[in-house]
Amino acid sequence: MPKVLIVDDDTNLSQLVKDWLSSERYDVETVSTGEDALDRLACYEYDVVVLDRNLPDMTGFDICRRFRDQGGQTPVLMLTGDKSMQSKEEGFGAGADDYLSKPFNMRELVLRLQALLRRTQGKFVSSKLKCGHLEMDLGTKRVFKNGSEIELVHREYALLEFLMRHSGQYFTADTLLTRLWPSESEASVDAIRQCVKRLRTKIDSPDATSSLIKNTHGLGYKLDQQ
């Protein structure tokens, strides 16, 4: 489940975008100042940033430039009410990956985000993920076990998608918290344990001798490659 940071001081617009993207199975966080954006980007990982051009403390160009100067690689989609070529040139020059003029259609925003995510190190290319008897359709956000659909709540889906994308790789509980839970969340390592426990009851076959999700002391969690 892609994790998105929205940087915009228009709280009404931010909430609209957040609601829309959340309904599309994105994990969304919002901030309203450049300093808050840079602080979040320094401490947490995001798959894409939606960045407004004009903010109360600095411009989106300044934020993007500082983020890139600090080594930030996350794709940036810049929003602006200025449709001039000069503005776009400045945005791309500062390190933006795409540009979207206000007002915009929410569906176009989603399509542009999908395009950026597909270009990110080869991730998000396939429309389906498969592991053993599990299949996840990224387009419809549905999960199937042995061909039958199973119902997952938001955080279960996010955790399973992440593990399926990186099947065979171990991740500590702290890493999963940082990567998949909101940065302002007070969730603890126990939240990972409980989420994994619920997932296992839904994805494992009744006659399985071991779970698809492995937990190895000192290494963390991984989804078994099958």
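The values are calculated or read from the model by the stated rules, or taken from the named source; none is laboratory data. Since this is a predicted model, take the numbers as computed values, not measurements. For neighbour counting, all protein chains shown are included, and Cβ atoms are generated from backbone atoms with ideal geometry for every residue, glycine included.
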Only listed residue being of a type in the set (Ser, Thr, Tyr), at negative phi and at pLDDT 85 or above, chosen from Ser126, Ser84, Ser101: Ser101
Among the candidates Arg68, Arg107, residue that is more than 20 Å from Leu41 (Cα to Cα), out of contact with any Asp or Glu (no Cβ under 9 Å at 6 or more places or on another chain), assigned by TED's automatic domain parsing to the domain that holds Tyr26 and modelled with pLDDT of 85 or more: Arg107
The stretch 37-86 - residue that is surrounded by 17 or more Cβ atoms within 10 Å (Cβ to Cβ) and among the hydroxyl-bearing types (Ser, Thr, Tyr) and, of those, nearest to the chain's Cα centre (by Cα): Tyr46
